[in-house]
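Below is one structure, written out as structure tokens; the observations come after it.
The values are calculated or read from the model by the stated rules, or taken from the named source; none is laboratory data. The structure presented is a predicted model; accordingly, all values stated were derived computationally and were not measured. As a convention, Cβ positions derive from the backbone with ideal geometry for all residues, glycine included, and neighbour counts pool all protein chains shown.
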There are 2 protein chains.
Amino acid sequence: MTIHRKEAIAEWFKGLQDSICKALEDTDGKGKFEQDVWEREGGGGGRSRVLTEGNIIEKGGVNFSAVFGATPPKILEALRLEQADFFATGVSIVLHPHNPFVPIIHMNVRYFEMTNGTWWFGGGIDLTPHYVEKEDAHWFHQHLKNVCDKHDPNFYPKFKTWADDYFYIKHRQETRGIGGIFFDHLNDNSGVPFEKGWAFVQAVGSAFAPIYTYFMQKNKAIAYTEKEKQWQYLRRGRYVEFNLVYDKGTKFGLDTDGRTESILMSLPPQANWVYSFQTQPATREAATLDLLKKGINWA
Amino acid sequence: MTIHRKEAIAEWFKGLQDSICKALEDTDGKGKFEQDVWEREGGGGGRSRVLTEGNIIEKGGVNFSAVFGATPPKILEALRLEQADFFATGVSIVLHPHNPFVPIIHMNVRYFEMTNGTWWFGGGIDLTPHYVEKEDAHWFHQHLKNVCDKHDPNFYPKFKTWADDYFYIKHRQETRGIGGIFFDHLNDNSGVPFEKGWAFVQAVGSAFAPIYTYFMQKNKAIAYTEKEKQWQYLRRGRYVEFNLVYDKGTKFGLDTDGRTESILMSLPPQANWVYSFQTQPATREAATLDLLKKGINWA
């Protein structure tokens with residue numbers, strides 16, 4: 001039973017990668033994903049797909065992986081286990097658009113299990129607009145809330161708060177963007193039986209393409225200035241800081257000798273740093289910084 | 001005695017910051033350092049100096065700090081101490097030049113002591129050329145070796161190896177640059193009495209300006225192509241990866257709520273990431289990657 005289960009999940013994730021890549025290519029109208037198939041020395045592998053220099057997407061990755069083998073010592077320690085094999089599969093996405101008025105988006109859906117019977121689902125979708133537009137933020141969170149509410153009325157409030165806490169750049173005292181939903185360790189122990197967790201993760205994965213293609217189409221033609229492009233480069237610098245300093249997925253990948261180019265596909269094509277950059281009062285940049293805070297009720 | 005000692009060291013470091021800034025401004029011919037004086041909530045503070053858009057230096061920082069207060073829990077744990085106050089002072093430098101044929105340089109000299117009587121010196125100078133030129137690498141290491149040899153014949157081999165191991169980007173299997181010297185915890189316990197350690201640290205600090213102004217003057221006018229500038233942006237991306245993922249000083253600073261803009265002055269003005277970038281065979285870029293390895297005997 002367990003064997004069929006994990007294989008079925010991995011197959012579904014592969015299909016999700018296919019359908020998301022197609023939707024993004026169709027909406028972009030120019031960029032095509034290039035695929036690298038890779039194998040992991042300890043077991044398993046993945047399909048990394050990266051699109052660069054599209055009409056709308058400047059650089060983006062949609063990665064699938066299914067890896068297995070001896071559980072890394074850090075996880076064994078955390079779970080107080082002597083030995084167990086693991087299996088992990090998921091889809092990870094980060095997209096950096098050309099236009100600073102199109103947001104950066106990140107999605108991850110994943111399933112983890114071990115030979116001792118432990119299993120869980122994790123994932124989420126979060127948005128990092130270079131300029132926070134309240135209507136867009138509301139639309140995004142309302143959309144995620146609708147997806148969550150179909151499965152459990154407690155999911156959205158819980159996972160929204162989790163995202164606020166997780167996507168926080170402590171040394172900047174800023175959230176990475178406007179958050180979204182983040183969840184991990186969904187299983188029986190956290191009150192989520194397998195069928196419920198799996199249905200929810202599928203719903204989150206399926207919500208990605210409609211959400212992002214909406215923003216691509218709506219905002220792709222908004223005119224922007226060189227100053228606004230420079231602001232985008234600074235915000236991408238913050239994205240780099242979060243991913244390299246705090247992101248657990250990135251840390252775990254680098255610590256466990258994952259495929260570096262697949263892990264770091266999340267980094268932007270270009271990021272800038274300006275010492276002690278200050279926004280001018282009453283500008284869109286200043287308004288954005290004011291909204292990069294935890295606990296805003298966007299939905 | 002101890003009080004006079006730490007104050008004298010801090011004063012000397014301040015003077016070092018002054019003389020290095022002057023030498024860099026004189027050689028650059030255009031850029032001027034702007035100073036931010038800051039205070040630390042728990043005690044002490046610093047003078048951050050950043051130069052941007054010079055003739056030769058695109059962005060660089062020369063920071064002095066002297067901070068004191070309750071020792072951070074992580075250090076207490078490592079030293080198995082219940083409680084102690086600390087005092088730390090140092091000068092930290094990172095310079096990013098415009099011209100890809102001028103190397104990035106980093107220097108740090110520091111002194112640390114605690115109220116339980118523990119003290120040590122640390123520091124080093126290392127070079128990150130975007131293009132490794134063997135003659136320049138030899139000159140740099142020979143210069144450092146000469147500085148070291150005047151104090152102890154064991155210093156250079158030991159500290160050169162330490163730099164190779166420290167400035168290593170594990171997930172890229174590359175060294176950050178061509179290394180240099182790195183040392184930490186120099187004190188009686190490691191066979192270095194105070195007077196010897198202090199004289200050595202002063203010699204390292206004093207070696208910085210002659211070394212870097214040599215490279216500034218020698219390489220500033222070398223013509224470069226757009227392709228070479230793009231390569232510089234990629235190498236700066238690696239610099240960002242090292243500093244945010246591995247550098248202990250950066251981690252310590254961010255963990256202990258240090259002044260973020262001073263800590264992250266090390267980040268370049270612009271860095272780029274290209275997915276799965278491959279160098280072409282028999283190019284200067286490929287030759288450089290071949291030399292970003294531990295254990296090369298440059299001196």
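The lone criterion from (1) of a type outside the set (A, V, I, L, M); (2) over 21 Å from A:Gly122 (Cβ atoms); (3) surrounded by fewer than 17 Cβ atoms within 10 Å (Cβ to Cβ); (4) touching a Lys or Arg at 6+ places or on another chain (Cβ under 8 Å) left unmet by A:Gln173 is number (4). Of all the residues in region B:151-199, those that are in contact with a Phe, Trp or Tyr (Cβ under 6 Å, 6 or more places away or on another chain) and of a type in the set (Ser, Thr, Tyr) number 2. Is there any pair with a first residue in region A:83-101 that is closer than 11 Å to A:Ala70 by Cα and a second that is surrounded by 21 or more Cβ atoms within 10 Å (Cβ to Cβ) whose Cβ atoms are under 6 Å apart and which are 6 or more apart or on different chains, and what are they? Pairs that qualify, where the first residue is closer than 11 Å to A:Ala70 by Cα and the partner is surrounded by 21 or more Cβ atoms within 10 Å (Cβ to Cβ), are A:Ala84/A:Thr71; A:Phe86/A:Thr71; A:Phe87/A:Glu113. For the criterion of being surrounded by fewer than 23 Cβ atoms within 10 Å (Cβ to Cβ), charged (D, E, K, R) and closer than 22 Å to A:Lys220 by Cα, A:Glu77 fails. Under the condition of being closer than 25 Å to A:Lys134 by Cα, of a type outside the set (Asp, Glu) and touching a residue at least 40 places away in the same chain (Cβ under 8 Å), the residues counted in region A:267-299 number 14.
Using the structure shown, decide if A:Leu186 is out of contact with any Pro (no Cβ under 8 Å at 6 or more places or on another chain) and within 14 Å of chain B (Cβ to nearest Cβ). Let's see the steps before the verdict.
Values: out of contact with any Pro (no Cβ under 8 Å at 6 or more places or on another chain): yes; within 14 Å of chain B (Cβ to nearest Cβ): no.
Taking the combined requirement at face value, the residue does not satisfy it.
Out of region B:111-140, which residues are closer than 16 Å to B:Ala163 by Cα and in a strand (DSSP E or B)? Of everything in region B:111-140, those that are closer than 16 Å to B:Ala163 by Cα and in a strand (DSSP E or B) turn out to be B:Phe121, B:Gly122, B:Gly123, B:Gly124, B:Ile125, B:Asp126, B:Leu127, B:Thr128. A:Arg49 falls short on exactly one of the conditions (1) in contact with a His (Cβ under 7 Å, 6 or more places away or on another chain); (2) within 14 Å of another protein chain (Cβ to nearest Cβ), and that condition is (1). Residues that are touching a strand residue (DSSP E or B) at 6+ places or on another chain (Cβ under 7 Å) and basic (Lys, Arg) were ranked within region B:143-182; the one that is nearest to A:Glu261 (Cα to Cα) is B:Arg176.
Taking region A:204-258 as the range and being within 27 Å of A:Arg172 (Cβ to Cβ) and among the basic types (Lys, Arg) as the test, the residues that pass are A:Lys227, A:Lys229, A:Arg235, A:Arg236, A:Arg238, A:Lys248, A:Lys251.
Given the structure, is B:Val204 touching a Leu at 6+ places or on another chain (Cβ under 9 Å) and not in a helix (DSSP H, G or I)? No: the conditions fail for B:Val204.
Out of the residues in region A:223-244 meeting the condition of being within 13 Å of another protein chain (Cβ to nearest Cβ) and free of Cβ contacts under 8 Å to residues at least 40 places away in the same chain, tell me which one is nearest to the chain's Cα centre (by Cα).
Going residue by residue through region A:223-244, those that are within 13 Å of another protein chain (Cβ to nearest Cβ) are A:229-230, A:232-234, A:236-244.
Narrowing the set further to residues that are free of Cβ contacts under 8 Å to residues at least 40 places away in the same chain leaves A:233, A:237, A:240, A:243-244.
Numbers: A:Tyr233: 19, A:Gly237: 17, A:Val240: 14, A:Asn243: 11, A:Leu244: 14 Å.
Only one residue tops the list, namely A:Asn243.
For region A:39-73, give me the residue count where each residue is farther than 26 Å from A:Glu7 by Cβ and surrounded by fewer than 17 Cβ atoms within 10 Å (Cβ to Cβ). Residues meeting the conditions: 3. The one condition from (1) in a loop (DSSP other than H, G, I, E, B); (2) within 14 Å of chain B (Cβ to nearest Cβ) that A:Val37 does not meet is (1).
On inspection, A:Asn219 fails the criterion of being of a type outside the set (A, V, I, L, M, F, W, C), surrounded by 18 or more Cβ atoms within 10 Å (Cβ to Cβ) and closer than 27 Å to B:Lys248 by Cβ. Evaluating A:Thr283 against the criteria (1) more than 10 Å from every other protein chain (Cβ to nearest Cβ); (2) within 15 Å of the chain's Cα centre (by Cα) leaves one unmet condition, (2). Within region A:169-186, which residues are closer than 26 Å to A:Val62 by Cβ and over 14 Å from the mean Cα position of the chain (by Cα)? A:Ile169, A:Thr175, A:His185, A:Leu186, listed by residue number. Just one of the numbered conditions (1) under 22 Å from A:Phe13 (Cβ atoms); (2) in contact (Cβ under 8 Å) with a residue 12 or more places away in the chain; (3) more than 18 Å from the chain's Cα centre (by Cα) is not true of A:Gly60: (3). When B:Asp152, B:Asp165 are checked against the criterion of being outside any helix (DSSP H, G or I) and surrounded by fewer than 19 Cβ atoms within 10 Å (Cβ to Cβ), a single residue qualifies: B:Asp152.
Could you please give the count of residues in region A:6-40 that are over 17 Å from A:Lys220 (Cβ atoms) and in contact (Cβ under 8 Å) with a residue 12 or more places away in the chain? Count: 18.
Checking the condition of a type in the set (D, E, K, R), within 30 Å of A:Val132 (Cβ to Cβ) and out of contact with any helix residue (DSSP H, G or I) (no Cβ under 7 Å at 6 or more places or on another chain), which residue from A:Glu25, A:Glu34, A:Glu77 passes?
Details: A:Glu34 fails: within 30 Å of A:Val132 (Cβ to Cβ); A:Glu77 fails: within 30 Å of A:Val132 (Cβ to Cβ).
Testing whether each residue is of a type in the set (D, E, K, R), within 30 Å of A:Val132 (Cβ to Cβ) and out of contact with any helix residue (DSSP H, G or I) (no Cβ under 7 Å at 6 or more places or on another chain) leaves just A:Glu25.
Checking each residue in region B:1-31 for being surrounded by 13 or more Cβ atoms within 10 Å (Cβ to Cβ) and assigned to a loop (DSSP other than H, G, I, E, B) picks out only B:Gly31. Put simply, of B:Lys59, B:Lys32 the only residue that is touching a strand residue (DSSP E or B) at 6+ places or on another chain (Cβ under 7 Å) and closer than 19 Å to B:Phe215 by Cβ is B:Lys59. Annotation: of all residues in region B:245-273 being out of contact with any Leu (no Cβ under 9 Å at 6 or more places or on another chain) and facing another protein chain (nearest Cβ under 7 Å), the one that is farthest from B:Gly45 (Cα to Cα) is B:Gln270. Based on what the data block shows, is B:Ile56 β-branched (Val, Ile, Thr), more than 14 Å from chain A (Cβ to nearest Cβ), touching a helix residue (DSSP H, G or I) at 6+ places or on another chain (Cβ under 8 Å) and farther than 21 Å from B:Trp198 by Cβ? Criteria met by B:Ile56.
Evaluating A:Thr213 against the criteria (1) within 9 Å of another protein chain (Cβ to nearest Cβ); (2) over 24 Å from B:Ala271 (Cα atoms); (3) among the β-branched types (Val, Ile, Thr) leaves one unmet condition, (1).
Conditions (1) surrounded by 15 or more Cβ atoms within 10 Å (Cβ to Cβ); (2) in contact with a Phe, Trp or Tyr (Cβ under 7 Å, 6 or more places away or on another chain); (3) at pLDDT 95 or above, marked per residue:
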{"position": "B:Thr213", "(1), (2), (3)": "yes, no, yes"}
{"position": "B:Ala223", "(1), (2), (3)": "no, no, yes"}
{"position": "B:Glu226", "(1), (2), (3)": "no, no, yes"}
{"position": "B:Arg238", "(1), (2), (3)": "yes, no, yes"}
{"position": "B:Asp247", "(1), (2), (3)": "yes, no, yes"}
{"position": "B:Glu261", "(1), (2), (3)": "yes, yes, yes"}
{"position": "B:Asn272", "(1), (2), (3)": "yes, yes, yes"}
